[in-house]
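**Student:** My structure is below; once you've seen it, I'll send some questions.
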Amino acid sequence: QVQLEESGGGLVQAGGSLRLSCAASRSVFSINAMGWYRQAPGKERELVAAINGGGTTHYTDSVKGRFTISRDNAKNKVYLQMNSLKPEDTATYYCVAPPLKPSYWGQGTQVTVSS
């Protein structure tokens, strides 16, 4: 079993930045690939970013160049740095493992971007 806990969400103005953190209950290294999903009201969940054990990353087109996913295996943490935030980035963000067919989900952290 793996428990994931997100933090770092909040309210920010358009153009601002936030850094989300995900703390895993066991070695992130052993989990291998991890990712971040988001879900906005009335919309389906979408995979925003993913990172594998080797550090290879993937981003959905709408966040490329603005978001950066990273991991710290020593701290069992995964991060999502979000820059140049837009109102359409408003959503609940979830840390997941593995990213393609998640077996584990965090409880989510709310990100609200005001215009």
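**Student:** Just to check I understand the Karplus step: with θ = phi - 60° and J = 6.51 cos²θ - 1.76 cosθ + 1.60, what whole-Hz values come out for the stretch 99-111, glycine and proline as x?
**Tutor:** Along the stretch 99-111, the couplings run x, 7, 10, x, 9, 10, 10, x, 7, x, 9, 7, 10 Hz.
**Student:** Could you work out how far apart the two model spin labels at residue 23 and residue 58 are, taking each label as a point 7 Å from the Cα in the direction of the beta carbon, and quote it in nm?
**Tutor:** 2.9
**Student:** So, how do all the Cα-to-Cα distances of the chain break down into 5 Å bins, in percent, from 0 on up?
**Tutor:** 2, 13, 25, 26, 19, 9, 4, 0, 0
**Student:** With springs only between Cα atoms under 10 Å, which of 21, 62, 70 fluctuates most in a Gaussian network model of the chain?
**Tutor:** Judging by the Gaussian network model, the answer is 62.
**Student:** Amide H neighbours of residue 104 under 5 Å, counting only residues 5+ apart in sequence or on other chains, H built in-plane at 1.01 Å?
**Tutor:** Amide H neighbours of residue 104: 97.
**Student:** What is the sum of charges around residue 9, taking Lys and Arg as +1, Asp and Glu as -1, for the other residues whose C-beta is under 15 Å from the C-beta of residue 9?
**Tutor:** -1
**Student:** For the stretch 3-10, just list the computed ³J(HN,Hα) in residue order, Karplus coefficients 6.51, -1.76 and 1.60, θ = phi - 60°, integers in Hz, with x standing in for Gly and Pro.
**Tutor:** Karplus values, whole Hz, x for Gly and Pro: 10, 10, 9, 8, 8, x, x, x.
**Student:** Work out from phi, with θ = phi - 60° and the Karplus expression 6.51 cos²θ - 1.76 cosθ + 1.60, the ³J(HN,Hα) of each residue of the stretch 38-45, listed in order in whole Hz, and give x for Gly and Pro.
**Tutor:** The phi angles translate into 9, 9, 9, x, x, 10, 6, 5 Hz.
**Student:** Sort 11, 20 by heavy-atom solvent-accessible area, probe 1.4 angstrom, most to least.
**Tutor:** 11, 20
The values are calculated or read from the model by the stated rules, or taken from the named source; none is laboratory data. In this text the structure is predicted, and so the values were computed from the model without any measurement. When we count neighbours, we look across all protein chains shown, and the Cβ atoms used for this are built from the backbone with ideal geometry, even at glycine. Protein only, heavy atoms only, side chains kept; ligands, DNA and RNA dropped before computing areas. Shrake-Rupley method; radii C 1.70, N 1.55, O 1.52, S 1.80 Å.
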